[in-house]
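Enquirer: Here you go, one structure.
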Amino acid sequence: MKATRRQGRVSRTTVTETTAMDSIDRQDIAAAMDALGRRARAASAIVAAAPAATRDHALRTAAARLRETQADILAANAMDMDAAAEKGLSAAMLDRLMLNPARVDAIARGLEEIADRPDPLGTVLERWERPNGLRFEKVRVPLGVIGIIFESRPNVTADAGGLCLKSGNAAILRGGSESFHTARAILAALHAGLDAAGLPRDAIQMPSTTDRAAVGAMLTMTRWIDVVIPRGGKSLTGRVAAESRVPVIYHLDGICHVYLDRAADADKARRVTLNAKMRRTGICGAAETLLVHKDVVATLLPAVLADLFQAGCEIRGDAAVQALDARVQPATDTDWDTEYLDAILSVKVVDDVDAAIEHIARHGSHHTDSIVTEDDTAAARFLSRVDSGIVLHNASTQFADGGEFGFGAEIGISTGKLHARGPVGAEQLTSYKYVVRGDGHTRP
């Protein structure tokens, strides 16, 4: 199969949506979503007031339920996989969708890790007293109701629902049609956890339709939804940017870079590059472009390319890279701006660390970028000047994951700068309010 054909099918921008999968008629979707939002708002007040132990009990029970119902979840996933294969989804996209016992257990462990995290609510961020005796506290509180719109990856159902619950928020989850049955099976486990803890099931809801009109409704539900988080391809994020009247935390493209500096250790460079690209090619933290200092093109790059070719990666390079190996395909201007989500890597030779920083600024997506070097000065320059949510030194871009940050899980990697940036975990799903205490104070 040619890479160009794979790339055409890898795109997450076109998802064949069905009409309602339950009894919701298309004309009734707006009303149904409004009712769902109303219930979510009521549930959010209950969850916000629930003790941390109650919320954690719900999470741990949901994790146990996931393991107990693993067979049901895998059966639902098999239905989704069959339908996705019939649609012609690529191997990378099928890998994102596919569950097996190990992945179900990892989802359950993620919920347990979320439960193990400190309670983010009620934390006093700052405390001070004014000369007039007024005492001020800045206290962490939930956002309220969070709408999460995502594609394909069924684990997001548990991650998003669990993180919202941990942070005292209610969640409205709208997954893609590819993962509909799997997501519903995972939602059942989350509801079992809520039941066990005496919390309302309305705290984590999912529209019972795959019709895109449900997305449109969510984007205008300013009365009920406090923030929307889209997690998907350019079509989804573009639509949200154009239509949403609700504040948005964006999870945009993962055009991630690895830069091999002139002072890169050869073994680290090989290991980091191979892992960053090939560990899992279909995730947002996978490297899509490799930048190489001109001084190590002859000494280091051939071994790096050999590792990638052996792992089944297609290389698209500039003239200097093509000269090293006849298997390298010519890179076009489009390649530097492409999130392949496949076993394809674009490779470019640059003059120095500043040229690498400039390339990333022009073509990157402010997601995750890494430098491999033993030169602390070059590393410091890269880490301070690359304007991305995550920057790494001598480490793979595939660490762009809330679990690897110790957050238990994440809803996405925020590529914006307002409110949250980088992995969005439970703490990032909170805001704050000011609590002021006086003793009959009046303002003169």
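Enquirer: Give me the pairs: first residue in segment 338-355 and touching a residue at least 60 places away in the same chain (Cβ under 8 Å), second residue acidic (Asp, Glu), beta-carbon distance under 7 Å, and six or more apart or on different chains, which are they?
Expert: Short answer, once both residue conditions are applied: Thr338/Glu288; Glu339/Asp253; Glu339/Glu288; Tyr340/Glu288; Ala343/Glu314; Ile344/Glu314; Leu345/Glu288; Val353/Asp261.
Enquirer: I've got another one for you. Restricting attention to segment 44-72, which residues are closer than 30 Å to Asp226 by Cβ and of a type outside the set (Gly, Ala, Ser)?
Expert: Matches in segment 44-72: Ile46, Val47, Pro51, Thr54, Arg55, Asp56, His57, Leu59, Arg60, Thr61, Arg65, Leu66.
Enquirer: Any idea which of Ser346, Ser370 is among the hydroxyl-bearing types (Ser, Thr, Tyr), in contact with a Lys or Arg (Cβ under 7 Å, 6 or more places away or on another chain) and in the same structural domain as Asn275 (by TED's automatic domain parsing)?
Expert: From the options Ser346, Ser370, the qualifying one is Ser346.
Enquirer: So which residues in segment 119-160 are polar (S, T, N, Q), under 18 Å from Tyr434 (Cα atoms) and without any contact (Cβ under 8 Å) to a residue 60 or more places away in the chain?
Expert: Thr123, the sole residue that qualifies.
Enquirer: Which pairs turn up if I take residues in segment 289-305 that are in the same structural domain as Asp335 (by TED's automatic domain parsing) and look for partners that are basic (Lys, Arg) and surrounded by fewer than 21 Cβ atoms within 10 Å (Cβ to Cβ) with beta carbon separation below 7 Å, at least 6 apart in sequence or on another chain?
Expert: Qualifying pairs under 7 Å: His293/Arg262; Asp295/Arg262; Val296/Arg262; Ala303/Arg270; Val304/Arg270.
Enquirer: Could you tell me whether segment 375-382 includes any residue that is among the β-branched types (Val, Ile, Thr) and either in contact with a helix residue (DSSP H, G or I) (Cβ under 8 Å, 6 or more places away or on another chain) or touching a residue at least 60 places away in the same chain (Cβ under 8 Å) (or both)?
Expert: no
Enquirer: Tally time: how many residues in segment 182-209 are more than 21 Å from the chain's Cα centre (by Cα) and either at pLDDT below 95 or under 12 Å from Ile149 (Cα atoms) (or both)?
Expert: Qualifying residue count for the region: 2.
Enquirer: Out of segment 93-102, which residues are over 18 Å from Leu66 (Cβ atoms) and crowded, with 21+ Cβ neighbours inside 10 Å?
Expert: Within segment 93-102, Met93, Arg96 qualify.
Enquirer: Let me ask something else. State the number of residues belonging to segment 416-444 that are part of a loop (DSSP other than H, G, I, E, B) and surrounded by fewer than 17 Cβ atoms within 10 Å (Cβ to Cβ).
Expert: Count: 11.
Enquirer: Next up: When you check Ile360 against the structure, is it buried (at least 16 other Cβ atoms within 10 Å of the Cβ), in contact with a Phe, Trp or Tyr (Cβ under 6 Å, 6 or more places away or on another chain) and at pLDDT 95 or above, yes or no?
Expert: Against the criterion (buried (at least 16 other Cβ atoms within 10 Å of the Cβ), in contact with a Phe, Trp or Tyr (Cβ under 6 Å, 6 or more places away or on another chain) and at pLDDT 95 or above), Ile360 does not qualify.
The values are calculated or read from the model by the stated rules, or taken from the named source; none is laboratory data. Computed from a prediction, not measured in an experiment: that's the story for all the values here. Neighbour counts run over all protein chains shown; Cβ positions are idealised from the backbone, glycine included.
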